[in-house]
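Here's the structure we're looking at; comments come further down.
The values are calculated or read from the model by the stated rules, or taken from the named source; none is laboratory data. As the structure is a prediction and not an experimental result, all values here were calculated from the model. Don't worry about glycine lacking a Cβ; one is built from the backbone with ideal geometry, like all the others, and counts go over all protein chains shown.
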Amino acid sequence: MTDYEFILADRISKIKSINDRYDLNDKAYLSFSGGKDSTVLHYIIDKALPGNSIPRVYFNTGIEYKAVLNYVKSLSENDERIIIVNSGVNIKSMLEEVGYPFKSKEHSLYLSVYQNSGISKSVKKYLERTDTRFQCPDKLKYQFTDDFKLKISNKCCFKLKKEIGEKWSVENNRNITITGMRKSEGGLRSGIKGCTIFADDDCKVLKKFHPLLPIENQWVEEFIKQNDIKLCELYYPPYNFQRTGCVCCPYAIDLQEQLDKLALLLPNERKRAEMIWKPVYEEYRRIGYRLDARPNLFDDLVK
């Protein structure tokens, strides 16, 4: 048995055992983003549980790539388990009300706490940390003053997707969320200890299940090749995306590279990103953080 076959058998066994104990077929749904990982998981679940009726729910936030939405729509034409749920949220109004994302979820959280409550112990600790991974960059410490007026929050994802998902799960009595989350994606995901998360200390009420959590990128690519899976067009030339998600989210470290690529290949998506995230992009450019302060490629193309 090859390493690929061993890992596949292990993940299939894990899904089967969790289903036997918590009845995924009747009580769970797959949070289906239309991206690479959730698409792979969609097919692995079918290998583990042939004939399953687990809904694959795509939450259309209005802030994701149109090519991804079109891909999900094409899959739904031949699979009634794939359901598209529109969030109905006015993105501009929501961001102005709850706050914009800036740098990272952690930074946005602490800055939101400061803007609402002032210097708390947690905010002070964040500002004084010395470890490079979780400290506030010196370049951004000016934001923790009364002079910084842009409202910041880490609630964007919650308002556009998680809150909608929770409502859907209650209404449809599907209280277990299955995701394609993997540790190797980094960020907060890397701190998750196990692929199951419970709502109680006795491990009787399963809340979330991440079957792909320990899986590496190389195995995902091999699974796609072995099973001849067609992904969204954004994963292929000339786009060659590694990830999809929200259009040029301000959390992206390679944001300038993403925007330059869109300027050449998907100019309408670039315009949409500039409109949605305008206050954040303007601040990034003003201080030379993640986005170049110079006139950019997009400016040249639209003249």
*Could you look through the stretch 22-31, keep only residues that are in contact (Cβ under 8 Å) with a residue 60 or more places away in the chain and over 10 Å from Phe209 (Cβ atoms), and pick out the one that is farthest from the chain's Cα centre (by Cα)?*
Lys27
*Can you find a residue in the stretch 125-147 that is surrounded by 15 or more Cβ atoms within 10 Å (Cβ to Cβ), within 20 Å of the chain's Cα centre (by Cα) and hydroxyl-bearing (Ser, Thr, Tyr)?*
no
*Could you tell me which residue of the stretch 128-154 is nearest to Met94 (Cα to Cα), considering only residues that are among the hydroxyl-bearing types (Ser, Thr, Tyr) and in a loop (DSSP other than H, G, I, E, B)?*
Ser153
*Quick one: would you say Leu75 is within 20 Å of Tyr251 (Cβ to Cβ) and surrounded by fewer than 21 Cβ atoms within 10 Å (Cβ to Cβ)?*
no
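Give the residues of the stretch 71-87 that are touching a residue at least 60 places away in the same chain (Cβ under 8 Å) and either within 15 Å of the chain's Cα centre (by Cα) or not in a strand (DSSP E or B) (or both), sorted by residue number. Before the answer, list the steps.
Of the residues in the stretch 71-87, the ones touching a residue at least 60 places away in the same chain (Cβ under 8 Å) are 71, 85, 87.
Result: Tyr71, Ser87.
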*Name every residue in the stretch 201-248 that is surrounded by 12 or more Cβ atoms within 10 Å (Cβ to Cβ), acidic (Asp, Glu) and assigned to a loop (DSSP other than H, G, I, E, B), in order of residue number.*
Glu216
*Restricting the search to the stretch 267-289, which residues are free of Cβ contacts under 8 Å to residues at least 12 places away in the same chain and among the aliphatic types (A, V, I, L, M)?*
Met275
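Which of the following residues is at pLDDT below 95 and over 18 Å from Tyr43 (Cβ atoms): Gly245, Gly288? Quick ask: steps written out before the conclusion?
Values: Gly288 fails: at pLDDT below 95.
After ruling out the rest, the residue left standing is Gly245.
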*Starting from the stretch 34-52, keep only residues that are not assigned by TED's automatic domain parsing to the domain that holds Ile15, then list their pairs with residues that are surrounded by 16 or more Cβ atoms within 10 Å (Cβ to Cβ) whose Cβ atoms are within a distance under 9 Å, requiring at least 6 positions of separation or different chains.*
none
*asked:* Looking only at residues that are under 19 Å from the mean Cα position of the chain (by Cα) and either modelled with pLDDT under 95 or of a type in the set (Phe, Trp, Tyr) (or both) in the stretch 32-59, which one is farthest from Ser93 (Cα to Cα)?
replied: Phe32
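Among the candidates Ser93, Ser112, single out the residue that is out of contact with any Leu (no Cβ under 9 Å at 6 or more places or on another chain) and either among the acidic types (Asp, Glu) or surrounded by 15 or more Cβ atoms within 10 Å (Cβ to Cβ) (or both). Give the derivation first.
On the way: Ser93 fails: either among the acidic types (Asp, Glu) or surrounded by 15 or more Cβ atoms within 10 Å (Cβ to Cβ) (or both).
It is Ser112.
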